[in-house]
1. Enumerate the pairs (first residue in the range 262-277 and under 14 Å from residue 216 (Cβ atoms); second residue anywhere and aliphatic (A, V, I, L, M) and surrounded by fewer than 23 Cβ atoms within 10 Å (Cβ to Cβ)) with beta-carbon separation below 7 Å, excluding pairs fewer than 6 apart on the same chain, so at least 6 apart or on different chains.
2. Of everything in the range 121-143, what is within 20 Å of the chain's Cα centre (by Cα) and either of a type in the set (A, V, I, L, M, F, W, C) or open to solvent by 20 Å² or more (accessible area, probe 1.4 Å) (or both)? Give them in sequence order.
3. Take the residues in the range 154-177 that are among the hydrophobic types (A, V, I, L, M, F, W, C) and closer than 23 Å to residue 279 by Cβ; name whichever of them is surrounded by the most Cβ atoms within 10 Å (Cβ to Cβ).
4. Tell me whether the range 5-23 contains one or more residues that are at pLDDT 95 or above, surrounded by 16 or more Cβ atoms within 10 Å (Cβ to Cβ) and touching a helix residue (DSSP H, G or I) at 6+ places or on another chain (Cβ under 6 Å).
5. Could you please find all residues in the range 48-61 being over 16 Å from residue 312 (Cβ atoms) and not aromatic (Phe, Trp, Tyr)?
6. Provide a single number: the residues in the range 25-61 that are surrounded by fewer than 19 Cβ atoms within 10 Å (Cβ to Cβ) and modelled with pLDDT of 95 or more.
7. Considering each of 281, 197 in turn, give the residue that is touching an Asp or Glu at 6+ places or on another chain (Cβ under 7 Å) and crowded, with 23+ Cβ neighbours inside 10 Å.
8. Which residue out of 355, 291 is free of Cβ contacts under 8 Å to residues at least 60 places away in the same chain and open to solvent by 50 Å² or more (accessible area, probe 1.4 Å)?
Amino acid sequence: MASTATALVQTGPKEQHFEEIPFPTLPPGAALLRVEANGICGSDVESFLGEDRIVPADRKYPRINGHEIVGVIEDMGPKTKHREGLNIGDRVAVNPVIACGKCGPCTDGRMHMCAAGRFPVPVYGFIPTTVTPGLWGGYSTHVYLDPETIVYPFPADFDPFSATLWNPLGGAVQWSLMTPGHSVGQSVVVLGSGQRGLAIVAAQRAAGSGLIVATGLSRDQHKLDLAVEFGADAVVDVEKQDPVEAVLELTGGQGVDLVIDTVPKITSTTLQGIQMLKAGGTLVNIGVKEATVDGFPIGRITSKNIRVIGAANSSIAAYRTAADMLISGRVKLDKMRTHVFGFDRFEEALDTLEAKIPGVKSVNVVVTPTFTA
């Protein structure tokens, strides 16, 4: 059995190398995970470019990126109550947040809102390798599972590449069902057709929503087509049609009950989303937007009794629900997975996700810790 992990360690913007990191001694409740697959998130792209604003500058490097981790338990420390039922050989997905387990949010299941984390950013992929034992990211052959890390078992015969889709689906469950609340038959618009937007469409259909509309760009027609397969009743190419006009036309001028804005950076979608809502509707923003919103219609929000909610990360319950949905087959997202790369082709994987390779269309890209032959 190997005694070291091979990890892709980032030392600066666009700078990384492979490094051997010794396996740690495992304290009670800890485990060593052999990584099988890691989905790529947009935040991984920002991290590689050095553009993420989450980690303090003096603690950003060196680190192992990757937080959508699926693998097999290879070794365990002495079992604790927290690890009852978990055994060597089990396939699990890893909750990316390492919380304290003791504060108010943690004790009632909202560990994604932990108020007393032990790290500046208590998330896999964002903890430097200088923090013992160093194996804190998914772009590695092995990951250290902290005693407080929550894992979600998957059947031994469940495809680990498909299991990584549990992460965006967990977000979809949290952001579009749990955070705003859900009513059977409600009307929904999903702004943005990336992998999280598509997962939201699937989750809304599985939950029994009524009219579901998804939006996207002309170059993302393959994603809009997939949205229809996942349950969208209509899609809008925002470069060919005004999305607000399209939604109002589809609803007879009434607007919809819920809008989820997944579009990053730009704020025009926020204003469009508010215009799409009917009286008493809800806008949930999950797209990371740094700028303030000029012309924010506070009067309309007040007069129409509109709720505007920000949502980040996912609760234990949301991730568990997502795992159950995938395992049961209630939600099938396999068609989202368009590419799998060995982690020696990590930069190519990022370029593929970012649509930087001419003629290549992607949705969900997975990295596995193998070297290309």
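1. Final answer for the pair search is 264/288; 272/244.
2. 121, 122, 123, 126, 127, 136, 143, listed by residue number.
3. Here is the first cut: in the range 154-177, the residues among the hydrophobic types (A, V, I, L, M, F, W, C) are 154, 156, 158, 161, 163, 165-166, 169, 172-173, 175, 177.
Retained after the next criterion (residues that are closer than 23 Å to residue 279 by Cβ): 175, 177.
Details: 175: 27, 177: 19.
By that ranking, first place goes to 175.
4. yes
5. Taking the range 48-61 as the starting set, the residues that turn out to be over 16 Å from residue 312 (Cβ atoms) are 48-51, 56-61.
Passing the criteria: 49, 50, 51, 56, 57, 58, 59, 60.
6. Summing the residues that are surrounded by fewer than 19 Cβ atoms within 10 Å (Cβ to Cβ) and modelled with pLDDT of 95 or more in the range 25-61 gives 5.
7. Working: 197 fails: touching an Asp or Glu at 6+ places or on another chain (Cβ under 7 Å).
It is 281.
8. The unique qualifying residue is 291.
The values are calculated or read from the model by the stated rules, or taken from the named source; none is laboratory data. Computed from a predicted structure; not experimentally measured. Please note: Cβ atoms are built from the backbone with ideal geometry, for glycine as well, and neighbour counts cover all protein chains shown. SASA here: full protein model, heavy atoms, side chains in, ligands and nucleic acids out. Shrake-Rupley method; radii C 1.70, N 1.55, O 1.52, S 1.80 Å.
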